[in-house]
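These notes are about the structure you will find just below.
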Amino acid sequence: MCRLSSAVLFPVCILSLLFGSASLQAQHYQTDITATGSKPFLLKSHLLYFQDDDKALRIEDLAQSVTSAPDQMWIKGDDYTTSPVRFTPTWIYFQLQNSSEQDQDITLFCRDGMVNHIDFYLVSDNGTLLDQGKAGALIPAEQRINEHAYPVFPITLQAGETVNVFFFVEGRANIFISQLSLSTPEDVEIRVQRHGFAMWYFFGCMTIFAIITLGLFYSTRHKSYLMFLGFITATLIIYFIRSNFYFTLLEPKNPVIQLYIEMLAIILMFTFAFYFANHFLGLKVRAPLIYKTNNLVSLILLIYFPAFCIIGYYNAVFMTVPLTLISMLLLLCNWIASVRFAVTGHKNGLYYAWSWSICIFFMLFAVLCEVGIIHSAITTNKIVQIGIGVLILLLFISLLLDFKRFVENEHSLRVSNTAKSAFLARVSHEMRTPLNGILGMAQLLKDTRLDEEQEKYNHFILHSGELLLDNINNILDYSKVEADKIVLDKNLVDIQSSCREIFELAKTQAEKKQLALSVNFAKPFPEEIEIDLFYFKQVLNNLISNALKFTEKGRIDISLDCDLKQQRLSVAVSDTGVGISNSEVIFEAFSQGDNSTTRKYGGTGLGLAICQRIIELMGGTIEAHNNSTGGATFSFSIPI
């Protein structure tokens with residue numbers, strides 16, 4: 001999955017160097033190209049290697065010793081081991097022999113293009129250096145033996161010729177040893193083309209998954225979809241680099257940049273995987289300890305990247321290894337938690353557990369191939385890539401199933417709300433008719449001759465009835481909004497004259513409470529504006545009524561402004577009342593500032609919710625905030 005896959009994901013314990021290597025016979029390191037045939041031939045069992053930690057050996061010294069049998073420093077390629085915390089510089093040696101009577105064009109080819117640095121030397125039987133060159137992920141195109149993205153070394157062997165091949169490899173030498181093969185030039189090109197087609201197919205599928213996931217996030221606004229999108233994107237970046245497309249398409253002259261881009265993508269991949277588990281599995285509630293650990297490790301990984309850039313790639317490996325192992329152990333903990341959730345019947349836990357179970361199977365298979373227990377024609381990197389691809393596919397299917405449940409729940413909720421709104425509308429309408437009769441009779445009773453106590457009781461009946469009628473009207477209006485029964489009807493109207501009745505009534509009520517009230521129309525203000533006057537007046541009247549209701553002293557200011565260039569009408573109602581305690585919930589249905597406000601002033605808490613829905617239907621916005629001098633300002637803006 002990354003450049004550290006051999007050193008981090010599949011660490012192999014270092015075996016002791018075995019003495020007695022001098023008894024190796026020629027067949028262990030000599031290959032007859034006429035006997036291998038035209039098919040790709042893996043050379044691992046024919047290689048000898050030596051780990052040169054101090055980089056003390058020189059090709060000149062090795063070239064002079066090719067006429068003698070291999071000494072004790074060389075070990076068979078089948079016994080190769082490496083350190084899990086560093087990249088050991090390694091010399092690799094073998095012989096090629098052409099026993100035919102014709103010249104042969106062959107190619108030494110490594111299927112992994114991300115081996116960091118490779119020095120190639122071709123030495124004759126008498127110790128003469130015939131050819132040399134460089135390759136590797138960190139070598140610019142102009143310095144390579146050819147400008148191929150993969151390590152490719154063409155050799156022409158004359159009839160009966162035997163040559164000695166030396167490689168000096170830094171970074172992932174174990175991959176180079178296990179994947180170095182003998183091929184024909186034509187076969188190499190076919191294999192590279194097939195790999196390219198397969199990777200573009202992989203990128204295409206992942207891109208489709210990403211686009212659909214983005215649409216799902218836009219529909220649901222659930223963070224698990226966004227985290228999964230980030231996971232896919234980071235994975236695509238990793239494989240874009242691992243497949244040499246970065247080198248081929250973007251930056252062949254400065255390939256070292258891809259190391260840092262890949263490391264950042266690996267960090268983001270782990271980070272998004274942790275955040276995805278947090279949201280998809282609901283770990284904040286179901287497993288708070290794992291949730292906090294996911295967040296902590298993600299933060300450490302993000303902080304580590306700048307340090308990685310400063311320290312440098314090779315020097316930072318000793319820090320990268322434990323962080324990677326910790327991240328993988330934490331992913332395993334997330335998987336165990338999902339299994340526990342699945343047992344209790346949690347759907348997302350079941351989907352997550354199955355997805356990661358299959359991925360873990362591929363990872364274990366890759367480990368077994370890496371340590372030599374299982375022999376596979378597929379590279380370990382390719383096995384890991386298949387595992388990640390299957391993981392993304394299964395998680396994508398899991399998100400689709402989760403989205404299906406979301407749609408079904410939304411539909412059920414919509415049906416329930418529609419039924420509730422219809423019920424409220426019917427009940428409110430049926431209640432309003434007898435209530436109007438009660439208020440009418442109470443008003444008639446008020447005009448008759450009553451003593452002081454009777455007049456007091458009748459006043460309570462009228463006041464309570466008016467409050468109840470207001471609440472019923474609000475419920476009826478809200479039920480209309482919820483049932484989408486509001487239809488806008490825009491006409492050219494004169495705002496100043498049309499709203500005069502509202503302003504006059506507001507001034508009368510303000511004078512009773514000894515409040516100052518001002519109405520200001522910004523100049524120039526057009527004579528006519530195209531809006532739905534009925535619902536505009538309903539919103540304006542509601543805001544003014546709230547200001548009068550919650551203001552005990554001071555003033556109320558109403559301002560209207562019309563921007564003809566932006567084609568928007570803006571209205572603000574400011575007061576010096578009690579203010580608001582939480583502007584985020586003030587527009588929610590059945591919500592008021594706090595319980596003390598509800599107890600003191602009464603009401604259903606539907607007025608502002610109705611205003612917000614009406615303004616949104618008009619294509620506008622409404623907001624509220626506290627004033628620095630006390631009180632609050634409610635403002636809305638609608639297109640005209």
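Quick notes on this one:
- Test: residue in region 390-398 that is surrounded by fewer than 19 Cβ atoms within 10 Å (Cβ to Cβ), among the hydroxyl-bearing types (Ser, Thr, Tyr) and either farther than 30 Å from PRO306 by Cβ or modelled with pLDDT under 90 (or both): no
- In the set ILE155, ILE118, only one residue is in a strand (DSSP E or B), hydrophobic (A, V, I, L, M, F, W, C) and within 18 Å of ILE59 (Cα to Cα); that residue is ILE118.
- Residues of region 518-534 classified as open to solvent by less than 30 Å² (accessible area, probe 1.4 Å) and assigned to a strand (DSSP E or B), total: 2
- Count of region 132-152 residues which are in a loop (DSSP other than H, G, I, E, B), under 11 Å from ASP119 (Cβ atoms) and small (Gly, Ala, Ser): 1
- Selection count, region 542-558, where residues are open to solvent by 40 Å² or more (accessible area, probe 1.4 Å) and assigned to a helix (DSSP H, G or I): 2
- Lone unmet requirement of (1) open to solvent by 50 Å² or more (accessible area, probe 1.4 Å); (2) closer than 23 Å to PHE120 by Cα for LEU249: (2)
- Residue within region 192-200 that is crowded, with 19+ Cβ neighbours inside 10 Å and under 23 Å from LEU391 (Cβ atoms) present: no
- Subset tally (residues that are part of a loop (DSSP other than H, G, I, E, B) and open to solvent by 100 Å² or more (accessible area, probe 1.4 Å)) for region 429-459: 2
- Annotation: ARG340 fulfils all but one of (1) at pLDDT 90 or above; (2) surrounded by fewer than 19 Cβ atoms within 10 Å (Cβ to Cβ); (3) under 22 Å from the mean Cα position of the chain (by Cα); the unmet one is (3).
- Residue within region 49-65 that is over 42 Å from the mean Cα position of the chain (by Cα), modelled with pLDDT under 85 and either among the hydroxyl-bearing types (Ser, Thr, Tyr) or closer than 27 Å to ASP187 by Cα (or both) present: yes
- Those residues of region 318-337 which are hydrophobic (A, V, I, L, M, F, W, C), surrounded by 17 or more Cβ atoms within 10 Å (Cβ to Cβ) and modelled with pLDDT of 90 or more, in sequence order: LEU330, LEU331, TRP335, ALA337
- Within region 104-162, restricting attention to residues that are of a type in the set (Ser, Thr, Tyr) and closer than 22 Å to SER65 by Cα, the residue that is surrounded by the fewest Cβ atoms within 10 Å (Cβ to Cβ) is THR128.
- Residues satisfying the stated conditions in region 115-137, i.e. more than 17 Å from THR162 (Cβ to Cβ) and not basic (Lys, Arg): VAL115, ASN116, HIS117, ILE118, ASP119, PHE120, GLN132, GLY133, ALA135, GLY136, ALA137
- Search result, residues across region 488-505 that are surrounded by 14 or more Cβ atoms within 10 Å (Cβ to Cβ) and part of a helix (DSSP H, G or I): ILE495, GLN496, SER498, ILE502, PHE503, LEU505
- Condition check for SER183: open to solvent by 20 Å² or more (accessible area, probe 1.4 Å) and touching a residue at least 40 places away in the same chain (Cβ under 8 Å): no
- Being small (Gly, Ala, Ser) and buried (at least 16 other Cβ atoms within 10 Å of the Cβ) is true of GLY171.
- Yes/no for LEU401 being over 30 Å from LEU462 (Cβ atoms), open to solvent by 60 Å² or more (accessible area, probe 1.4 Å) and modelled with pLDDT of 80 or more: yes
- Condition met for ALA210 (open to solvent by 10 Å² or more (accessible area, probe 1.4 Å) and small (Gly, Ala, Ser)): yes
- Looking only at region 86-103, and only at residues there that are charged (D, E, K, R) and more than 37 Å from the chain's Cα centre (by Cα), the one that is most open to solvent (accessible area, probe 1.4 Å): GLU101
- Of the set (1) modelled with pLDDT under 85; (2) open to solvent by less than 30 Å² (accessible area, probe 1.4 Å); (3) in contact with a helix residue (DSSP H, G or I) (Cβ under 6 Å, 6 or more places away or on another chain), all apply to GLN592 but (2).
The values are calculated or read from the model by the stated rules, or taken from the named source; none is laboratory data. All values derive from a computational prediction rather than experimental measurement. With ideal geometry, Cβ positions are generated from the backbone for all residues, glycine too; neighbour counts draw on all protein chains shown. Areas reflect the complete protein model, heavy atoms only, side chains present, ligands, DNA and RNA absent. Shrake-Rupley method; radii C 1.70, N 1.55, O 1.52, S 1.80 Å.
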